[in-house]
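Notes to accompany the following structure.
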Amino acid sequence: MLRFLTAGESHGQALVVMLDGMPAGLQLDIDALNAQLRRRQGGYGRGRRMAIESDHVEILAGVRHGRTTGAPISLLVRNRDWVNWQQTMHVEAEMPEGATGVQRPDVTRPRPGHADLAGAVKYGHTDIRNVLERASARETAARVAAGSLARQLLARFGVRIASHVSVVGDAMLPEGRTVSFDEAVAIAEDAPLRCADADVQQRMIAAVDAARDAGDTLGGAFEVIATGVPIGLGSHVQWDRKLDGRLGQAMMCIHAIKAVGIGIGPEVAVRPGSRVHDEIRPAGEAGVPLRPSNNAGGLEGGVTNGEDVRVMGFMKPISTLMNPLRSVDLTTMREELAAIERSDVCAVPAAAVVGEAMVAFVLADAFLEKFGGDSIDEIDAHYAATAEQVRQRFAARHEVSEPA
């Protein structure tokens, strides 16, 4: 089983990841890992924090001479902003000598839509900073680091992942517009909002500017596409083994994601079955049957069917507003405006990169379940044997169906 845990606060010393279950012998590309961290920091509408941080991963354990050893992998992403927060976030009981930054006052006015109030009540905190530091989306840098390693494992077997932004505020792709994997991959990394349609992207930029001017924030939607995914990942036999359910949980746990769609998502509720289910056609040559459409998003019955896996995430606007909403000061229980923390106006492109990481992690976990072994060599053998079995199965039936 592939699993990871993260630790660290938004303005603490660093983020830490412990990744367990990676097979031995995988050659890692550290530059590619750091490139994914840089992608998470981009996008139009990000705040001043991105000008401070320059995320870079340090591998502390589980890798030797550039290859995984099969042991747990420990990753560290330092917070450069720590130098400005030592007096506020120091670990020691007393202020350490030489601590830098300033001592910030307690946070007592929870932000609507954030974990502030519920977390403070749950854990008994009077200073909400104990909640917001860990609930911050800064933690997603650790997820992207873990997901990048899963992504590299999948790439070893021909699985590739991309994403695109389809909605920001009221600016969105036209109804029925499907973005192919190749289109998503072709989007320039410096595209302001990583939208496949240049005109729609300009409307998105205008919407972000208007929200910033109003002291407001914007959400949106993005789609993650995985291509080259083999048939048979996941299972229909138990609820917790269904891959669409596992993907849904992985996407919903990303900060500010409030809904998830697989394939055409909510559209399945309003279309007749004849416009939802993907027909199955004979293969043109020996191989798996063809699908003229992919409304199911590559998953049927909780199992991958060989089509591209397509997962959408729907993100609410960020909770910190420069023109804050009404709240209550927990020390006086009087009405006050919500606290203001340094934040973004829009972070949908960044959420899409995190979505890629989480989809990669879930697919890699399911891949290891299907083709697993303790080393890459073992997985190679299992994968090749299964692929040959599938080829022979359909090739035999194709020959029988040929006219005499």
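Derivation of every value follows stated rules applied to the coordinates shown; laboratory data play no part. Owing to the predicted nature of the structure, the values given are computational and were not obtained by experimental measurement. Cβ coordinates were reconstructed from backbone atoms using ideal geometry, including for glycine residues, and neighbour counts include every protein chain displayed.
Label positions at Lys316 and Arg104, each projected 7 Å from the Cα along the C-beta direction, are separated by 2.2 nm. Remark on Leu60: its backbone amide H falls under 5 Å from those of Ser74, Leu75, Leu76, a criterion applied only to residues 5 or more positions apart or on other chains, H modelled at 1.01 Å from N.
By the helix-only formula, in which each DSSP H run with n ≥ 4 contributes -39500 (n - 2.57) and the sum is divided by residues, the chain has a 222 nm mean residue ellipticity of -10000 deg cm²/dmol. In terms of the mean number of neighbouring beta-carbon atoms within 10 Å, the peptides 64-71, 262-269 order highest first as 262-269, 64-71. Distance between the 7 Å Cα→Cβ label points at Val268 and Glu335: 4.4 nm.
Between helix 348-371 and the chain there is an angle of about 50 degrees, using the helix long axis and the longest principal axis of the Cα atoms.
Placing pseudo-labels 7 Å out from each Cα toward the beta carbon at Asp29 and Ala214 gives an inter-label distance of 4.2 nm.
The order of the peptides 159-165, 37-43, 85-91 by mean Cβ neighbours within 10 Å, most packed first, is 159-165, 37-43, 85-91.
What is the list of residues in segment 8-44 whose amide nitrogen lies under 17 Å from a point 7 angstrom out from the Cα of Glu92, following Cα to Cβ? In segment 8-44, the label zone of Glu92 (backbone N under 17 Å from the point 7 Å along Cα→Cβ) covers 13.
All other residues whose Cβ lies under 14 angstrom from that of Asp170 are scored, Lys and Arg at +1 and Asp and Glu at -1, for a net of -2.
FRET efficiency for the Asp190 to Ala395 pair, using the beta carbon distance and R₀ = 41 Å, is estimated at 0.35. Kindly express, to the nearest 10 degrees and within the range 0 to 90, the angle between helix 243-252's C-alpha long axis and the longest C-alpha principal axis of the chain. Computed tilt is about 20 degrees.
If you take the square roots of the eigenvalues of the alpha-carbon gyration tensor of segment 3-380 and sort them as a ≥ b ≥ c, do you get rounded (a/c under 1.5), prolate (a/b over b/c) or oblate? Taking the square roots of the gyration eigenvalues as a ≥ b ≥ c, segment 3-380 is oblate. Quick check: the angle from helix 140-155's long axis to the longest principal axis of the chain, C-alpha only, nearest 10 degrees? Tilt of helix 140-155: around 20 degrees.
Taking Val102, Val57, Val179 in turn, the Gaussian network model of the chain (Cα-Cα springs below 10 Å) assigns the largest fluctuation to Val102. The lysines within cross-link reach of Lys316, meaning a Cα-to-Cα straight distance under 21 Å and a gap of 8 or more places when in the same chain, are Lys258.
The GNM of the chain, with springs linking C-alpha atoms under 10 angstrom apart, assigns the highest mean-square fluctuation among Asp365, Asp240, Asp81 to Asp240. Fewest-first ordering of Trp82, Trp239 by other beta carbons within 10 Å of each residue's beta carbon gives Trp239, Trp82. Net charge of the neighbourhood of Gly263, taken over other residues with C-beta under 13 Å away and scored Lys/Arg +1, Asp/Glu -1, is -3. Just so you know, the Cα atoms of segment 292-397 work out to an Rg and Dmax of 23.5, 77 Å.
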